[in-house]
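The values are calculated or read from the model by the stated rules, or taken from the named source; none is laboratory data. Keep in mind that this is a model prediction, so the values were computed, not measured. With ideal geometry, Cβ positions are generated from the backbone for all residues, glycine too; neighbour counts draw on all protein chains shown. Quick note on the areas: whole protein, heavy atoms, side chains included, nothing else; ligands and nucleic acids left out. Shrake-Rupley method; radii C 1.70, N 1.55, O 1.52, S 1.80 Å.
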Amino acid sequence: MAKVTFREDQCKGCGLCVNACPKGILAIANGKINAKGYSPAVMTAPEQCIGCAFCATMCPDCIIKVER
């Protein structure tokens with residue numbers, strides 16, 4: 001199973017990773033604000049992640065790390 005980590009404190013909530021996920025298991029956090037004032041992306045069902053790394057590839061700030 002893949003392990004995906006987000007540097008939530010650096011995420012600006014652009015949503016590109018959410019749109020890129022083929023499993024649809026990423027979302028922009030509702031009610032959660034990081035230090036920069038943005039709602040970060042979060043993984044809603046980590047056990048369903050296939051480790052494709054599309055999310056990390058799409059992230060313009062390189063805040064997503066995928067380990068297989």
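Counting only residues that are among the β-branched types (Val, Ile, Thr) and within 14 Å of VAL66 (Cβ to Cβ), which one in the range 19-51 is surrounded by the fewest Cβ atoms within 10 Å (Cβ to Cβ)? The selected residue is ILE50.
Could you say whether any residue in the range 9-18 is free of Cβ contacts under 8 Å to residues at least 40 places away in the same chain, open to solvent by 30 Å² or more (accessible area, probe 1.4 Å) and among the acidic types (Asp, Glu)? Yes.
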